[in-house]
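Asks: I'd like to ask you about the structure that follows.
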Amino acid sequence: MRWRAEPVTPHTPGAMDFTLSSYGTASSTPAPVNRMMEAFADDFRPGRDINLGVGYVNESTIPAGLVLEELQRVIADPARHKTPFNYGGPRGSARLIQSISDFITRTGRGGLNRGHLKGRGIIIGASGATSLLEAMAQVIRPGIVITSDPMYYIYCNLLERMGFHVIAIPEDDCGLRTDLLYERIDRLGDRCRDISFFYIVSVSNPTATILSNARRGEIVAAAATLSRAQGRAIPVLFDTAYDDIVHDPACEKPLSALLFDELGIVYESGSLSKILAPALRIGYLIGSPGPLLNAIMQKTADTGFSAPLFSQEIASRILDEHIEQQLDRVNRGYREKARAVKSWIGRELGPWIENCTGGSAAFYFYLTFRDIATDESSLFFKYLTRTTGDPDIDGPAADRHARVLYVPGCHCVHPRGELREQGRRQMRISYGFEEPERIEQALRLMGEAACFCENAGPCA
Ligand SMILES: Cc1ncc(COP(=O)(O)O)c(C=O)c1O
């Protein structure tokens, strides 16, 4: 029988399913936390609603004028900055790589000197540290990833969609508990062979807990022991996105895990997002040259050849000439905000709080309530998003009272981990984006919400 073309009929969207990969299928509905953020952002009323949920940096820390001036200098100096509006290479701009290396050794970031960087490669991601984290997941054989609990939910959610199995190990006030790490590794038995890599956020998002230097060394030692036992290198990816904003002078200066790396298994990702501007999209990875770094570079090329070259050149100039003052300004700003926000948390939520971390680094506080639930179905959440159904609390439908958004702890703890129950009484609040008076107002509303829950009964 001869094949005959079917008459063209108008397509009904959704009538047929596409055959997606398992990653595609898992990604075809937004992650719950994204859904929540989008719903809030859709009808966000600037000046009225308060978003303590987003991990945005403070606008006043972004040196927009400097970016503009340095862009002009980039354009005016084609001998130094070749073809800044053309394609770049997958390793990244040689100038920026040199500037990062100089920045690290000049400021003593992580206790590193030229000797420590000798023999290590530095590469620039296609779009911030995020693209390097994703690249790592693309090139490593899927298996188990070990991280801390609460976890950086954005990356851990991606890992699970990509087919990894995340094991999240509870932290204490020094970061990931290494006693539990050894216990979990023992418990894995033969499944230790399935460990793909360790993902360690050295200043935690969401808890802002600073991983102590001793623990950094212990984690590298644990991975080295496993690597030797299995005769293969198990990478330890340290995400140092917030190591440059440890703003409490009383805290020990974070050391780079590269200092403890005898086997060449440590990879450290850094970002200029928190200290310059997220929109520049500059993230870098430092580690031993070889097939892993090469594969990540190939992934950068596959994603989009390189980060925009003009952005890399601007970042290079700022690192060379202005980064010390910029770091000072950023850290002073967050320090002041952290102090004020901590006092408002105590004043407004003190009676209900069991534990509070943060205030020394990054721009998050992570709160544990004694018996107030914080998830999206809780009265606390409904009070703050004005969805209780009671017009006295919510305000008129056309003009709701001020709304407040935070990240409920249930999205921050591993859904099948030991902290699952605790997560229902926790939340992350960010003091990065909103101005102090708005944060104070938000905390006052949270105090009202807590009273409302208390009157409604235990763990409402
Ligand atoms: C722990 C952590 N890693 C990485 C990133 C993303 O960094 P970048 O903007 O360089 O992609 C963030 C952003 O909030 C973060 O919190």
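Asks: For region 103-116, indicate whether the set of residues that are open to solvent by less than 50 Å² (accessible area, probe 1.4 Å), away from the ligand (no atom under 16 Å from the Cβ), touching a residue at least 24 places away in the same chain (Cβ under 8 Å) and aromatic (F, W, Y) is non-empty.
Replies: No: region 103-116 contains no residue that is open to solvent by less than 50 Å² (accessible area, probe 1.4 Å), away from the ligand (no atom under 16 Å from the Cβ), touching a residue at least 24 places away in the same chain (Cβ under 8 Å) and aromatic (F, W, Y).
Asks: For the subset of region 277-302 comprising residues that are assigned to a helix (DSSP H, G or I) and under 23 Å from H81 (Cα atoms), which member is nearest to the ligand (Cβ to nearest atom)?
Replies: Among residues in region 277-302 that are assigned to a helix (DSSP H, G or I) and under 23 Å from H81 (Cα atoms), the one nearest to the ligand (Cβ to nearest atom) is P278.
Asks: Quick check: is even one residue across region 320-331 part of a loop (DSSP other than H, G, I, E, B) and under 15 Å from V246 (Cβ atoms)?
Replies: No: region 320-331 contains no residue that is part of a loop (DSSP other than H, G, I, E, B) and under 15 Å from V246 (Cβ atoms).
Asks: What do you reckon, is R438 over 19 Å from A39 (Cβ atoms), in contact with a Cys (Cβ under 6 Å, 6 or more places away or on another chain) and open to solvent by 20 Å² or more (accessible area, probe 1.4 Å)?
Replies: Spelling it out, it is not the case that R438 is over 19 Å from A39 (Cβ atoms), in contact with a Cys (Cβ under 6 Å, 6 or more places away or on another chain) and open to solvent by 20 Å² or more (accessible area, probe 1.4 Å).
Asks: For V413, work out the one condition from (1) open to solvent by less than 60 Å² (accessible area, probe 1.4 Å); (2) more than 21 Å from Y56 (Cβ to Cβ); (3) in a helix (DSSP H, G or I) it doesn't fulfil.
Replies: (3)
Asks: For residues in region 149-181 being in a helix (DSSP H, G or I) and β-branched (V, I, T), which is surrounded by the fewest Cβ atoms within 10 Å (Cβ to Cβ)?
Replies: That would be I154.
Asks: Right, something else. Counting only residues that are closer than 18 Å to L285 by Cβ and part of a loop (DSSP other than H, G, I, E, B), which one in region 206-254 is most open to solvent (accessible area, probe 1.4 Å)?
Replies: Looking at residues that are closer than 18 Å to L285 by Cβ and part of a loop (DSSP other than H, G, I, E, B), I get A233.
Asks: Then there is this: Just to be sure, is I146 assigned to a helix (DSSP H, G or I), surrounded by 21 or more Cβ atoms within 10 Å (Cβ to Cβ), out of contact with any Asp or Glu (no Cβ under 9 Å at 6 or more places or on another chain) and free of Cβ contacts under 8 Å to residues at least 60 places away in the same chain?
Replies: Considered against the rule, which asks whether it is assigned to a helix (DSSP H, G or I), surrounded by 21 or more Cβ atoms within 10 Å (Cβ to Cβ), out of contact with any Asp or Glu (no Cβ under 9 Å at 6 or more places or on another chain) and free of Cβ contacts under 8 Å to residues at least 60 places away in the same chain, I146 comes out as no.
Asks: State the number of residues belonging to region 257-276 that are away from the ligand (no atom under 16 Å from the Cβ) and either surrounded by 23 or more Cβ atoms within 10 Å (Cβ to Cβ) or in contact (Cβ under 8 Å) with a residue 40 or more places away in the chain (or both).
Replies: Adding up the residues that qualify gives 6.
Asks: For region 343-357, check the following and say yes or no: at least one residue is touching an Asp or Glu at 6+ places or on another chain (Cβ under 8 Å), surrounded by fewer than 17 Cβ atoms within 10 Å (Cβ to Cβ), among the basic types (K, R) and not in a loop (DSSP other than H, G, I, E, B).
Replies: Taking every residue of region 343-357 in turn, none turns out to be touching an Asp or Glu at 6+ places or on another chain (Cβ under 8 Å), surrounded by fewer than 17 Cβ atoms within 10 Å (Cβ to Cβ), among the basic types (K, R) and not in a loop (DSSP other than H, G, I, E, B).
Asks: Can you confirm whether T178 is under 18 Å from S256 (Cα atoms) and more than 15 Å from the chain's Cα centre (by Cα)?
Replies: yes
Asks: Right, here's the next one. Any residue at all in region 367-382 that's within 22 Å of the chain's Cα centre (by Cα), part of a strand (DSSP E or B) and polar (S, T, N, Q)?
Replies: Taking every residue of region 367-382 in turn, at least one turns out to be within 22 Å of the chain's Cα centre (by Cα), part of a strand (DSSP E or B) and polar (S, T, N, Q).
The values are calculated or read from the model by the stated rules, or taken from the named source; none is laboratory data. Being a predicted model, the structure only gives us computed values, none of them experimental. Using ideal geometry, Cβ is built from the backbone for each residue, glycine included, and neighbour counts are taken over all protein chains shown. Note: areas computed on protein heavy atoms with side chains; ligands, DNA, RNA excluded. Shrake-Rupley method; radii C 1.70, N 1.55, O 1.52, S 1.80 Å.
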